[in-house]
Amino acid sequence: MCASHAYVSLDTPVSPHQLPIFDAIRDLAGMANQFAEEGGTSNEQKPNSVTILVDAEVDGARYMLVRMPRLDHSGHPGPVTQSAAADETPGERRHKFGDLRRVLIAESDSATRLRLLHLLREWGFNSEVATDGIEALMFLEQHRAPDLLIMNQSLPAIDGIELCRRITRESGGQSPYIFITGCQNGRRDVAESLESGASEYLSLPFEEQELKARLLVALRALTRQDSLISSREQLRDQASRDSLTGVSNRRAILEFLEEELVRAGRNVQSTGVLMLDLDHFKRVNDALGHPAGDLVLQQVVRRLSSMLRAHDRLGRYGGEEFMIVVPAVDQAGLCELTERIRAAVDAEPFHAEANEIQVTLSIGAAISKSGDRSSTKLIATADEALYKAKNLGRNRVVCGI
């Protein structure tokens with residue numbers, strides 16, 4: 001069993017739910033206050049050291065009531081003058097080290113839990129606590145995953161090793177940076193912890209400088225991970241967007257349609273599809289050149305986008321042909337939207353350099369029937385309606401059934 005002390009800092013607010021031993025040491029706090037009033041610390045007490053105010057046993061356990069030193073911007077103990085204290089806020093101190101990365105502390109030992117909570121908050125981490133494996137698991141299921149997880153390998157209910165395995169298995173490769181803590185009884189403990197998915201093993205009782213060094217390593221790893229995720233998201237976004245207009249490309253709009261049809265089937269809703277084609281747009285390219293035609297396409301897209309709801313999706317289907325997916329709509333609403341889009345494009349000319357260019361749209365609309373998940377059939381119906389609109393003279397709307 002690990003040797004453990006309970007540390008209570010006078011600089012950190014303590015509530016009963018955070019510290020189950022609060023009632024047991026309440027009298028010790030009174031003793032400490034009396035001690036401070038009668039003479040405070042010894043003349044030999046160093047200004048930056050931990051001040052032990054009370055060292056006593058309660059119910060067979062040893063508790064120490066301490067005053068923790070103020071930390072400087074780097075997280076090290078250091079003297080703080082009156083002017084420096086007035087110029088800085090706790091938020092500014094915290095932001096210098098952990099930058100408020102989110103941490104979940106899963107620790108059943110109240111002394112270790114409180115010490116971790118105090119240090120992490122002083123070092124600029126946003127910390128939450130759990131006292132057993134089930135409580136930690138519930139937190140992870142109900143909240144956004146933290147950046148770091150510090151948990152004891154001997155947690156009650158679900159031990160830290162099993163909890164780590166579950167988190168790693170269910171995270172899809174993006175689990176928090178996990179520390180497992182425990183009384184190291186041999187290399188087997190360390191190996192089992194790392195094999196379960198943990199990134200670090202921290203022996204208890206831990207040294208503050210070792211914890212800080214390991215946290216710095218964790219922050220570097222998290223920064224690299226964030227950069228990789230950001231780069232991957234940018235690549236994914238680039239792969240799904242039309243490079244000229246910025247809207248979804250053909251593959252992405254078709255994938256969105258498939259997803260919406262599945263969602264509509266679950267919610268017993270209909271999904272609308274609009275196929276749009278710019279009338280005689282080849283004449284614009286032939287007369288003014290493709291750069292002018294590209295400018296017109298970009299302006300058309302901006303005008304179309306302004307007509308749509310947040311959950312509608314516009315995509316470039318090919319050339320001057322576009323598709324709009326309209327979720328959760330009935331046939332009357334879809335036909336009304338289609339006409340408003342046509343009228344908006346026809347209402348004002350577009351501009352390319354010094355030229356005013358009148359553009360019109362032909363639109364075919366189709367709506368899925370209840371339980372129909374065939375995107376191919378829906379697109380074919382909208383396409384048929386589009387060609388009918390063109391054959392009827394262009395600049396018009398045809399709503400298919």
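Readers should treat all values here as calculations from the given coordinates under stated rules, not as data from a laboratory. Predicted, not measured: the structure shown is a model, and the values here were computed from it. Neighbour counts run over all protein chains shown; Cβ positions are idealised from the backbone, glycine included.
Points worth noting:
- Across region 321-331, computed HN-Hα scalar couplings (Karplus, 6.51 cos²θ - 1.76 cosθ + 1.60, θ = phi - 60°) run 10, 10, 10, 10, 9, 10, x, 6, 9, 9, 5 Hz from first to last residue, x flagging Gly and Pro.
- Considering only region 243-401, percent of DSSP beta bridges that pair antiparallel, nearest 5: 85
- Distant-in-sequence amide H partners of residue 127 (H built 1.01 Å from N, under 5 Å): 103
- A Cα-only calculation for region 78-239 places Rg and Dmax at 17.0, 56 Å.
- Between the alpha-carbon centres of region 243-288 and region 147-163 there is a gap of 48 Å.
- Ranked 164, 183, 399, criterion: other C-beta atoms within 10 Å, fewest first: 183, 399, 164
- Label separation (residue 321 vs residue 377): 2.1 nm, computed from points 7 Å beyond Cα along the C-beta direction.
- In a DSSP loop and with at most 15 other Cβ atoms within 10 Å, the GluC sites (Glu not before Pro) in region 170-272 are 207.
- Taking 4 °C and 1.567 mPa s as conditions, region 287-396 diffuses translationally at an estimated 86 µm²/s according to Stokes-Einstein applied to its Kirkwood radius (Cα pairs).
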